[in-house]
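Contents: one structure, followed by commentary.
The values are calculated or read from the model by the stated rules, or taken from the named source; none is laboratory data. Remember, predicted model here, so these are calculated numbers, not experimental data. Reconstructed Cβ throughout: ideal geometry from the backbone, glycine too, with neighbour counts over all protein chains shown.
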């Protein structure tokens, strides 16, 4: 219970980053969205449930494909941003609510439930059962995130800047991994262990984004770890990031992302 309260407290920190979130966070590959549609067989007009929509990063590409979507978002400010971003899609509804407390309607069953970089914030004791309850028979659950990975030929900046994190007391834990593409752990066993879903597809998607200093700092300011960091630490860290990137010929850094997409079918 204490862990859930801590998780919920961190989730609520995103209110302070609501205005930055949409422009700073990476877009998901269109290929990933197409893969979900192909594997689950959802069709235009089907009803989707999004758990933790944030600013609508994953919602928009699905809304453009003609789906009806109900989005649940804990942060009231992020929900407002999502509503504004999705204004042109009348079949998309954004509900500002904690998913764990959101009331299910017996008369409404969804064809697909999905969570993009949000599932880990939902109470493990609740999330799979409530998603199962929300889905129609043989409906699907799709889960993925956007995680920083470190290819062999990736930008060395992230290793080089660790001395600054250590200086301010925010260094990585001893033995922390620097995962390369393809090395991220999956959730297949966790999903199967619930007995509620059968995993039907797992696939890795990789992409790279280039950032100028202020763009990268904006991204960091949407991360819960940096949001809760003491101001003097952020000031020192961000000053060093600006200084070091300014010394580069193009003042840019490259960040490599990976999403591990899991698609599971509801067991009946």
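Quick check on my filter: what residues within segment 215-233 are exposed (fewer than 14 other Cβ atoms within 10 Å of the Cβ) and either farther than 18 Å from residue 75 by Cα or more than 17 Å from the chain's Cα centre (by Cα) (or both)?
The answer is 228, 230, 231, 232.
Does segment 105-121 contain any residue that is more than 19 Å from the chain's Cα centre (by Cα), at pLDDT 95 or above and part of a loop (DSSP other than H, G, I, E, B)?
No: zero hits.
Can you tell which of 22, 35, 4 is in a helix (DSSP H, G or I) and at pLDDT 95 or above?
The match here is 35.
Would you call residue 203 out of contact with any helix residue (DSSP H, G or I) (no Cβ under 6 Å at 6 or more places or on another chain), surrounded by 13 or more Cβ atoms within 10 Å (Cβ to Cβ) and closer than 20 Å to residue 57 by Cβ? Outline the logic, then answer.
Working: out of contact with any helix residue (DSSP H, G or I) (no Cβ under 6 Å at 6 or more places or on another chain): yes; surrounded by 13 or more Cβ atoms within 10 Å (Cβ to Cβ): yes; closer than 20 Å to residue 57 by Cβ: yes.
Yes.
Residues being at pLDDT 95 or above and under 21 Å from residue 20 (Cβ atoms): count how many of those fall in segment 237-251.
7
Could you check segment 41-61 and list, in sequence order, the residues that are surrounded by fewer than 23 Cβ atoms within 10 Å (Cβ to Cβ) and part of a helix (DSSP H, G or I)?
If the condition is that a residue be surrounded by fewer than 23 Cβ atoms within 10 Å (Cβ to Cβ) and part of a helix (DSSP H, G or I), then 60, 61 are the ones that fit.
Restricting attention to segment 122-152, which residues are under 25 Å from residue 178 (Cα atoms) and over 20 Å from the mean Cα position of the chain (by Cα)?
151, 152
Any residue at all in segment 246-254 that is surrounded by 16 or more Cβ atoms within 10 Å (Cβ to Cβ) and in contact with a helix residue (DSSP H, G or I) (Cβ under 8 Å, 6 or more places away or on another chain)? Full working, then the answer.
The first filter runs over segment 246-254 and keeps only residues surrounded by 16 or more Cβ atoms within 10 Å (Cβ to Cβ), leaving 253.
So of that shortlist, the ones also in contact with a helix residue (DSSP H, G or I) (Cβ under 8 Å, 6 or more places away or on another chain) come out as 253.
Yes: segment 246-254 contains one or more residues that are surrounded by 16 or more Cβ atoms within 10 Å (Cβ to Cβ) and in contact with a helix residue (DSSP H, G or I) (Cβ under 8 Å, 6 or more places away or on another chain).
On the basis of being in contact with a helix residue (DSSP H, G or I) (Cβ under 9 Å, 6 or more places away or on another chain), more than 30 Å from residue 105 (Cα to Cα) and assigned to a loop (DSSP other than H, G, I, E, B), does residue 171 make the cut?
Working: in contact with a helix residue (DSSP H, G or I) (Cβ under 9 Å, 6 or more places away or on another chain): yes; more than 30 Å from residue 105 (Cα to Cα): yes; assigned to a loop (DSSP other than H, G, I, E, B): yes.
So residue 171 passes the test.
Which of the residues spanning segment 216-236 are modelled with pLDDT of 95 or more and either over 26 Å from residue 118 (Cβ atoms) or in a loop (DSSP other than H, G, I, E, B) (or both)?
230, 231, 232, 233, 235, 236
Looking for something buried (at least 19 other Cβ atoms within 10 Å of the Cβ), in contact (Cβ under 8 Å) with a residue 40 or more places away in the chain, touching a strand residue (DSSP E or B) at 6+ places or on another chain (Cβ under 7 Å) and within 18 Å of residue 141 (Cβ to Cβ) - is there at least one such residue anywhere in segment 16-31?
There is at least one residue in segment 16-31 that is buried (at least 19 other Cβ atoms within 10 Å of the Cβ), in contact (Cβ under 8 Å) with a residue 40 or more places away in the chain, touching a strand residue (DSSP E or B) at 6+ places or on another chain (Cβ under 7 Å) and within 18 Å of residue 141 (Cβ to Cβ).
Restricting the first residue to segment 52-69 and requiring it to be at positive phi and without any contact (Cβ under 8 Å) to a residue 24 or more places away in the chain, which pairs with a second residue that is in a loop (DSSP other than H, G, I, E, B) and crowded, with 22+ Cβ neighbours inside 10 Å meet a Cβ separation below 9 Å and a spacing of at least six or different chains?
Here the result reads none, with nothing in segment 52-69 linked to a residue that is in a loop (DSSP other than H, G, I, E, B) and crowded, with 22+ Cβ neighbours inside 10 Å.
Here are the criteria: (1) at positive phi; (2) touching a residue at least 12 places away in the same chain (Cβ under 8 Å). Tell me which single one residue 222 does not satisfy.
Here residue 222 meets the rest and fails (1).
Among the residues of segment 69-77, is any modelled with pLDDT under 95, in a loop (DSSP other than H, G, I, E, B) and touching a strand residue (DSSP E or B) at 6+ places or on another chain (Cβ under 9 Å)?
yes
What number of residues within segment 36-50 are within 18 Å of the chain's Cα centre (by Cα) and over 24 Å from residue 122 (Cα atoms)? Steps first, please.
So the first thing to find is which residues in segment 36-50 are within 18 Å of the chain's Cα centre (by Cα), and the list is 36, 48-50.
Keeping just the survivors that are over 24 Å from residue 122 (Cα atoms) gives none.
Total satisfying the criteria: 0.
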